[in-house]
Amino acid sequence: MKKIIGIGAVSLLTLGASLALVGPGNSALPQVEPAYVKECGACHIPYPAQYLPKRSWERILGSLDKHFGENATLSPKALQPIKAYLDSHAADSAAGNPRIMRDVAVNNTPLRIVEMPFWIHIHHKQIERKAFDTPKVKSAGNCAACHKGAANGQFGDDD
Ligand code: HEC
Ligand code: HEC
């Protein structure tokens, strides 16, 4: 697991900052855009921006009227800070982690984190497929079913 330890650390850095738990000593950490947490954390956890490339977020934001069977449309005004936030924190942004982009073909635009090679690599090596189909988990995208700290961007061994 050595290779991917950095991933958890990065998610902590970028999402953990929004936590009330984070003391003033960490105030230099980047903030998660509140509009993102509010609008995109309403039905599921606010998925970490750094787990998908910019082009994926763009496509997701461009088709919110048909969002995984839901209508998650936002006004252009509401969308603006979310777009800016995802763009500046995506996997292939300056704030991203090159490891997350590993093995993602340039012509591939995954719409789910669970389609990202890094995610598949971590999970399918260690976890039996059927673990994702239990009634409790329902869907592999339901990160919080297994990662207690998911809503706060924490995916480390103890979360
Ligand atoms: C009305 C509810 C709703 C809202 C609001 C919503 N989503 Fe979703 N989203 C869903 C559903 C339902 C799924 C599919 C869940 C599944 O199958 O695991 C999903 C899945 C996703 C996934 C794929 C996760 C994965 O790896 O499987 C991403 C990424 C995502 N949403 C991003 C967003 C973003 C960005 C916003 C804000 C602009 C947003 N969502 C707002 C309902 C919503
Ligand atoms: C069925 C349970 C399950 C689901 C659902 C799940 N994971 Fe995991 N995840 C695991 C297990 C088990 C590990 C390996 C244990 C470990 O090393 O942390 C892991 C490891 C990880 C790691 C590596 C952590 C580290 O040590 O650096 C990341 C990042 C991660 N998952 C992200 C996600 C994201 C994002 C989602 C949702 C899109 C998700 N997981 C959904 C079970 C799950």
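Some points to look at:
- Every condition in (1) of a type in the set (Val, Ile, Thr); (2) near ligand 1 (Cβ under 10 Å from one of its atoms); (3) more than 23 Å from Gln31 (Cα to Cα) is met by Ile113 except one, and the failing one is (3).
- Test result for Ser63, within 13 Å of ligand 1 (Cβ to nearest atom) and more than 23 Å from Pro34 (Cβ to Cβ): yes
- Count of region 57-106 residues which are more than 16 Å from ligand 2 (Cβ to nearest atom), in a loop (DSSP other than H, G, I, E, B) and free of Cβ contacts under 8 Å to residues at least 12 places away in the same chain: 8
- Per-region count, region 121-136, residues part of a helix (DSSP H, G or I) and surrounded by fewer than 14 Cβ atoms within 10 Å (Cβ to Cβ): 6
- Any chance Ala90 is open to solvent by less than 40 Å² (accessible area, probe 1.4 Å), under 14 Å from Leu52 (Cβ atoms) and either within 13 Å of the chain's Cα centre (by Cα) or hydrophobic (A, V, I, L, M, F, W, C) (or both): yes
- Region 116-159 - residue that is of a type in the set (Asp, Glu) and touching a helix residue (DSSP H, G or I) at 6+ places or on another chain (Cβ under 9 Å) and, of those, farthest from ligand 1 (Cβ to nearest atom): Asp157
- Inter-residue pairs, beta-carbon under 6 Å, first assigned to a loop (DSSP other than H, G, I, E, B) and in region 137-155, second more than 8 Å from ligand 2 (Cβ to nearest atom) and of a type in the set (A, V, I, L, M), 6+ apart: Gly153/Leu15; Gln154/Leu12
- So Ile60, is it closer than 20 Å to Ala140 by Cα and open to solvent by less than 40 Å² (accessible area, probe 1.4 Å): yes
The values are calculated or read from the model by the stated rules, or taken from the named source; none is laboratory data. Predicted model, so just to flag it, every value in this text is computed and none were measured. Don't worry about glycine lacking a Cβ; one is built from the backbone with ideal geometry, like all the others, and counts go over all protein chains shown. Surface areas here come from the heavy atoms of the whole protein model, side chains and all, with no ligands, DNA or RNA. Shrake-Rupley method; radii C 1.70, N 1.55, O 1.52, S 1.80 Å.
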